[in-house]
Every structure is written in structure tokens, then in C-alpha cells.
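Enquirer: Okay, here's the structure, questions in a sec.
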């Protein structure tokens with residue numbers, strides 16, 4: 001069994017080529033800005049996965065596994081975005097129910 005190089009343990013080492021490194025939001029950033037960045041990132045992932053599927057359909061894709069991984073990443077990112085939106089909506093509705 002071969003040992004992994006130290007670079008394999010750095011942040012972003014497992015992401016594919018051309019993938020953006022994860023960014024940490026500024027602690028004082030408003031929640032709306034953070035959610036907007038999350039939407040933008042999920043949109044980029046979905047568009048990238050659609051391009052990968054199109055390349056696969058045209059026979060230009062070199063690796064089916066990478067295409068499937070990109071599809072799953074986009075799917076999971078979208079599901080996470082929907083769950084965050086649902087939780088934010090539930091929190092907003094609870095706040096609106098409180099009497100002042």
C-alpha cells in the first residue's frame with residue numbers, strides 16, 4: 001500500500017481540476033450575501049455538470065467516472081441549498097408568529 005503525499009491532505013486537494021477552492025465567508029457578512037454566494041456556486045456546479053454530460057454525449061469526455069462525480073456533486077449541492085432555504089423559511093415563519 002502506498003502512502004499519500006502530504007499535498008493530498010491540503011484543503012481542496014480532492015477537488016478536480018478547474019474546481020474553485022472552498023471559500024470561507026466573512027464572519028460579519030450578512031446572511032443574504034452568504035446565501036447568494038451559495039446559490040451562485042450551486043448554479044456554477046449545475047452548469048458545469050451539464051457541460052460534462054454534453055461532452056459525454058458528444059464523445060469528448062475522457063472519463064465517465066468524473067462526469068458521474070460532477071453530477072452527484074451538483075445534485076448534493078442543490079439538495080443542500082434547498083434544505084438551507086427550507087430551514088431559513090421555517091425560521092422566518094416562526095419569527096413572524098411571535099407576538100410582540
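Enquirer: Packing-wise, with mean Cβ within 10 Å as the measure, how do 59-72, 39-52 rank, highest first?
Expert: Taking the mean over residues of other Cβ atoms within 10 Å, the ranking is 39-52, 59-72.
Enquirer: Any idea how far apart residue 43 and residue 60 come out in nm if each label point goes 7 Å out from Cα toward Cβ?
Expert: 2.3
Enquirer: With the calculation restricted to Cα positions, what are the radius of gyration and Dmax of the range 30-97 in angstrom?
Expert: 16.0, 55
Enquirer: What is the extension gain from residue 86 to residue 69, computed as 0.36 nm multiplied by their sequence separation minus the C-alpha to C-alpha distance, in nm to one decimal?
Expert: 3.6 nm
Enquirer: What does the extension gain come out to for residue 97 and residue 33, with contour length at 0.36 nm per residue minus their alpha carbon separation?
Expert: Extra length from residue 97 to residue 33 when fully extended: 20.5 nm.
Enquirer: Can you sort 97, 75 by how many other beta carbons sit within 10 Å, fewest first?
Expert: Exposure proxy ranking, most exposed first: 97, 75.
Where a number appears in this text, it was derived from the coordinates with a stated rule and is not lab data. A quick note: this is a predicted structure, and the numbers were derived from the prediction, not measured. FYI the Cβ positions are ideal-geometry reconstructions off the backbone, even for glycines, and counts take in every protein chain you see.
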